[in-house]
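One structure is given here, and the rest of the page talks about it.
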Amino acid sequence: MSVPEIIPIVYEPDYHTGTIGHWEGGQFFGSVTAAFREGYTRTDDWPGHKRWYAVLHTFDAAGHHLDSRVEHTGAEDDHRAAVDLAHGRLTHWLDGLPGLRFDDIAIRTFQHTFDGVLFGLVIETFEGVEHAEFYPNNIGFYEPWDGLYDT
């Protein structure tokens, strides 16, 4: 079975998809995530290179990408401050979405690059099997395309 045009994603409170749902303008996927910039190779000072982000992607009702808000909030070498700031920023953005409700969504593939990091839902092949990978969170969606995922 090939990757569907619209990928369902199940809402799981307090887990990787705990900040997804609908609002008056369509759908959203919010997250707090860490990533290394493209091309980074591991060094002894890696905590200064692992960057934390607040992320809010919005989509229309048909799952087309509308916008991505991404903010770098700090590095792993100041983990607690960076993560707390990212959560605060995401909460503020979500509070600004009229009619917000957390629940399952269904979106199309998209890509957005910010600060040398890929954010998006991308079709990939692993061991001969096509799937959709959500970056930089590393959440994989596979057949039977029921909205469940692997991390």
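The values are calculated or read from the model by the stated rules, or taken from the named source; none is laboratory data. Since this is a predicted model, take the numbers as computed values, not measurements. So basically every Cβ, Gly included, is an ideal-geometry build from the backbone, and we count neighbours across all protein chains shown. For accessibility, only protein heavy atoms count, side chains too; no ligands or nucleic acids. Shrake-Rupley method; radii C 1.70, N 1.55, O 1.52, S 1.80 Å.
Observations
- The number of residues in segment 82-111 being open to solvent by less than 40 Å² (accessible area, probe 1.4 Å) and part of a strand (DSSP E or B) comes to 4.
- Filter result (under 16 Å from the mean Cα position of the chain (by Cα) and either within 20 Å of Y53 (Cβ to Cβ) or in a loop (DSSP other than H, G, I, E, B) (or both)) within segment 133-151: E133, F134, Y135, P136, N137, N138, I139, G140, G147, L148, Y149, T151
- With respect to being farther than 21 Å from A61 by Cα and either among the hydrophobic types (A, V, I, L, M, F, W, C) or over 15 Å from the mean Cα position of the chain (by Cα) (or both), T125 fits the description.
- Considering segment 16-51, and only residues there that are among the hydroxyl-bearing types (S, T, Y) and modelled with pLDDT of 95 or more, the residue that is nearest to V117 (Cα to Cα) turns out to be T33.
- Listed by first and then second residue, the pairs linking a residue in segment 87-105 that is farther than 21 Å from I7 by Cβ to a residue that is open to solvent by 80 Å² or more (accessible area, probe 1.4 Å), with Cβ atoms under 7 Å apart and 6 or more places separating them unless they lie on different chains, are W93/R69; P98/E24; G99/E24.
- When F114, F126 are checked against the criterion of being among the aromatic types (F, W, Y) and at pLDDT below 95, F126 stands alone in meeting it.
Residue-by-condition table, conditions (1) surrounded by 19 or more Cβ atoms within 10 Å (Cβ to Cβ); (2) without any contact (Cβ under 8 Å) to a residue 40 or more places away in the chain; (3) on the phi > 0 side of the Ramachandran plot:
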{"site": "P8", "(1), (2), (3)": "no, no, no"}
{"site": "P13", "(1), (2), (3)": "no, no, no"}
{"site": "I20", "(1), (2), (3)": "yes, no, no"}
{"site": "V32", "(1), (2), (3)": "yes, no, no"}
{"site": "T41", "(1), (2), (3)": "no, yes, no"}
{"site": "H49", "(1), (2), (3)": "no, yes, no"}
{"site": "Y53", "(1), (2), (3)": "yes, no, no"}
{"site": "A61", "(1), (2), (3)": "no, yes, no"}
{"site": "D77", "(1), (2), (3)": "no, yes, no"}
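- Scanning segment 112-139 for residues that are open to solvent by 40 Å² or more (accessible area, probe 1.4 Å), touching a residue at least 24 places away in the same chain (Cβ under 8 Å) and more than 16 Å from E38 (Cα to Cα) yields a count of 2.
- Scanning segment 7-38 for residues that are more than 18 Å from D146 (Cα to Cα) and charged (D, E, K, R) returns D14, E24, R37, E38.
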